[in-house]
Amino acid sequence: MPPIEDHYLSAPDRLGFAVLTVSDTRDGESDRGGGRLVELIEAAGHRMVGRELVRDILHDVRDAAQGALGHASVDVLLVTGGTGVSPRDVTVEAIVPLFDKELAGFGEIFRALSYSEIGPAAMLSRATAGVIGGKAVFLLPGSPAALELAMTKLVIPEIGHLIGQARRSA
């Protein structure tokens, strides 16, 4: 097996991202979290392929995610919102069943990093990630600060490697 450095050298460096905001209370103008994700994606040199806002309704969330993932130019789907514990939070239930592989480590590390910033409230996040059809999917909180943390500390530094591994032939 090649050293880990070889994985990074062969990883794609410019990927197509789609952003899906799940909210009953936000619109295009008040979606600060989705806007921040777009800024971070573009600042990292990646391409924004699509952005959508959908209500907290399980089948609407699932349909929107599948629609975004159906575009050949989308490599990564970022879903923001609906990952808490309120009865309206259905993002996890809508998308996790679609995962080919779940990346439980993402949620574990994200909550550990969040704990150092917000304390025990970090355990209320159900953030997770997975792979669907060779594409990375991240289920993220709606808070701009949480999105900044996830993107700068976890997603952006590792996304090329993740996609490279998810698309390796056996």
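A compact table of results
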| item | result |
| --- | --- |
| Residues that are surrounded by 19 or more Cβ atoms within 10 Å (Cβ to Cβ) and either among the β-branched types (Val, Ile, Thr) or under 17 Å from LEU58 (Cα atoms) (or both), drawn from segment 132-155 | VAL137, PHE138, LEU139, LEU140, PRO141, GLY142, VAL155 |
| Yes/no for ASP63 being within 20 Å of GLY133 (Cβ to Cβ) and of a type in the set (Asp, Glu) | yes |
| Residue ID - surrounded by the most Cβ atoms within 10 Å (Cβ to Cβ), chosen from residues in segment 1-27 that are modelled with pLDDT under 70 and outside any helix (DSSP H, G or I) | ALA11 |
| Flag if GLY160 is within 20 Å of LEU37 (Cα to Cα) and touching an Asp or Glu at 6+ places or on another chain (Cβ under 7 Å) | yes |
| Test: residue in segment 68-75 that is assigned to a strand (DSSP E or B) and under 17 Å from LEU37 (Cβ atoms) | no |
| Hits in segment 133-167 (condition: closer than 17 Å to GLY81 by Cβ, assigned to a helix (DSSP H, G or I) and of a type outside the set (A, V, I, L, M, F, W, C)) | PRO144, GLU148 |
| Number of the condition not met by ALA94 [criteria: (1) in a helix (DSSP H, G or I); (2) surrounded by 23 or more Cβ atoms within 10 Å (Cβ to Cβ); (3) in contact with a strand residue (DSSP E or B) (Cβ under 7 Å, 6 or more places away or on another chain)] | (3) |
| Selection status of ILE57, closer than 20 Å to PHE106 by Cβ and hydrophobic (A, V, I, L, M, F, W, C) | no |
| Out of GLY70, GLY35, sole residue that is more than 12 Å from the chain's Cα centre (by Cα) and either closer than 15 Å to GLY142 by Cβ or aromatic (Phe, Trp, Tyr) (or both) | GLY35 |
| Residues of segment 48-59 that turn out to be more than 15 Å from the chain's Cα centre (by Cα), of a type outside the set (A, V, I, L, M, F, W, C) and outside any helix (DSSP H, G or I), as a count | 2 |
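Residue-by-condition table, conditions (1) aliphatic (A, V, I, L, M); (2) part of a helix (DSSP H, G or I); (3) within 27 Å of GLN165 (Cβ to Cβ):
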| residue | (1), (2), (3) |
| --- | --- |
| GLY45 | no, no, yes |
| VAL61 | yes, yes, yes |
| VAL85 | yes, no, no |
| VAL131 | yes, no, yes |
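The values are calculated or read from the model by the stated rules, or taken from the named source; none is laboratory data. Note that the coordinates shown come from a computational prediction; the quantities given were computed from them, not determined experimentally. Here Cβ is always computed from backbone atoms with ideal geometry, including for glycine, and neighbour counts include all displayed protein chains.
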